[in-house]
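Enquirer: Dropping a structure here in structure tokens format, bear with me for questions.
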Amino acid sequence: MVPKREILTTRQMRAVEAAAIGSGEITGAALMERAGAGVVREMLALWPERERPGRAVILCGPGNNGGDGYVVARLLAKRGWQLRLAAPAPPASPDAQLAAACWPGEMVALSDLGPEDFPAGALCIDALFGTGLARPLAPGIAAPLRLAAARGCRIVAVDILSGLCADSGRVLGGLDLPEAALTVSFQRAKLGHVLAQGGALSGALRIVDIGLDGWMAAAGEPARLAGPVPALAKRAGHKYDHGHALLLGGGAALPLLLPLAALA
């Protein structure tokens, strides 16, 4: 379930985070810890059988999305999971560098991953690129995600599936992206989770509270989800693929007149 109906743009989410960190009441590293812990918590809630140690490949990008992935890796390692952590480049942001320094295991290049790293039933945790991505993924970056899907691994997207535009929901560059089984985002949903291909590729969407409600005013006026049930949201396809509706209107006597008209 999405606990709140407000939806933010990437600019709005950055404004909220900047306001919180600028207040001095919370640090970026603390938010990263909360985000990583939230991903693990939502994984185990959706798939209770995962309480038993399993296997996962964790893909960590160079930014703060990758930093969340390093936190996830450390927490799963404490639970006894067998992990393979791969990254296209070393962490670049200070908070991601700190998270990576706390990861006790080895890190390999994305190109080192092969089919044997993705046994059926394993998880692939996508922490490559989050809401700040503005360009298409390079083929070598997207390849592990496609390999994981082809091998029967569930993909868990951290914040948003890498390759999706977080503001439009479109796949950047028209790349062929596999669907995530679970997307865990933070504080509020983003437009890209529900628009265009994002609605079909995000899988089960879970929103984790990381303690930013006190600074939500910095976002300005958010968009809001409409409609009663997210499961009824339209996905890709033609409008007639989604059923039909018959609407009858008129005065109070109309139900009595319709049968007579049918007999005429």
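The values are calculated or read from the model by the stated rules, or taken from the named source; none is laboratory data. None of these values were measured; they are calculated from a predicted model. Neighbour counts run over all protein chains shown; Cβ positions are idealised from the backbone, glycine included. Just so you know, the surface numbers come from the protein's heavy atoms only, side chains and all, with ligands and any DNA or RNA stripped out. Shrake-Rupley method; radii C 1.70, N 1.55, O 1.52, S 1.80 Å.
Enquirer: Specify which of the listed residues (V16, V57) is part of a helix (DSSP H, G or I), surrounded by 14 or more Cβ atoms within 10 Å (Cβ to Cβ) and within 19 Å of the chain's Cα centre (by Cα).
Expert: V16
Enquirer: Please find, within segment 192-213, the residue that is nearest to R154 (Cα to Cα) out of those that are part of a loop (DSSP other than H, G, I, E, B) and touching a helix residue (DSSP H, G or I) at 6+ places or on another chain (Cβ under 7 Å).
Expert: Taking the candidates together, the pick is S202.
Enquirer: Within the group A37, A45, which residue is under 17 Å from I160 (Cα atoms), under 19 Å from the mean Cα position of the chain (by Cα) and surrounded by fewer than 20 Cβ atoms within 10 Å (Cβ to Cβ)?
Expert: A37 is the lone residue from the list that is under 17 Å from I160 (Cα atoms), under 19 Å from the mean Cα position of the chain (by Cα) and surrounded by fewer than 20 Cβ atoms within 10 Å (Cβ to Cβ).
Enquirer: Can you tell me which residues in segment 109-152 are in a helix (DSSP H, G or I), crowded, with 18+ Cβ neighbours inside 10 Å and not charged (D, E, K, R)?
Expert: L110, I141, A142, P144, L145, L147, A148, A149 - these are the residues of segment 109-152 that are in a helix (DSSP H, G or I), crowded, with 18+ Cβ neighbours inside 10 Å and not charged (D, E, K, R).
Enquirer: Suppose we keep only residues that are open to solvent by 30 Å² or more (accessible area, probe 1.4 Å) and under 17 Å from the mean Cα position of the chain (by Cα) within segment 205-215. Which one would you say is nearest to L145 (Cα to Cα)?
Expert: R206
Enquirer: Same structure again: Note down all Cβ pairs under 6 Å where the first residue falls in segment 198-213 and is among the charged types (D, E, K, R), the second is open to solvent by 30 Å² or more (accessible area, probe 1.4 Å), and they're at least six residues apart or on different chains.
Expert: R206/E42
Enquirer: Kindly list the number of the only condition in (1) among the small types (G, A, S); (2) open to solvent by 20 Å² or more (accessible area, probe 1.4 Å); (3) under 30 Å from A30 (Cβ atoms) that fails for S185.
Expert: (2)
Enquirer: Here is a further query. Given the conditions (1) small (G, A, S); (2) open to solvent by 10 Å² or more (accessible area, probe 1.4 Å); (3) out of contact with any Ser or Thr (no Cβ under 9 Å at 6 or more places or on another chain); (4) at positive phi, and given that A218 satisfies all but one, which numbered condition is not satisfied?
Expert: For A218, the failing item is (4).
Enquirer: Could you list, in sequence order, the residues of segment 73-90 that are farther than 16 Å from D126 by Cβ and either in a loop (DSSP other than H, G, I, E, B) or open to solvent by 80 Å² or more (accessible area, probe 1.4 Å) (or both)?
Expert: K78, R79, G80, W81, Q82, P90
Enquirer: What do you reckon, is D68 of a type outside the set (V, I, T), open to solvent by less than 20 Å² (accessible area, probe 1.4 Å), within 29 Å of A18 (Cβ to Cβ) and in contact (Cβ under 8 Å) with a residue 40 or more places away in the chain? Steps first, please.
Expert: Working: of a type outside the set (V, I, T): yes; open to solvent by less than 20 Å² (accessible area, probe 1.4 Å): yes; within 29 Å of A18 (Cβ to Cβ): yes; in contact (Cβ under 8 Å) with a residue 40 or more places away in the chain: yes.
Yes; evaluated as a whole, the condition is true for this residue.
Enquirer: Tell me yes or no: at least one residue of segment 127-138 is more than 23 Å from A35 (Cβ to Cβ) and among the small types (G, A, S).
Expert: Yes, the conditions are met somewhere in segment 127-138.
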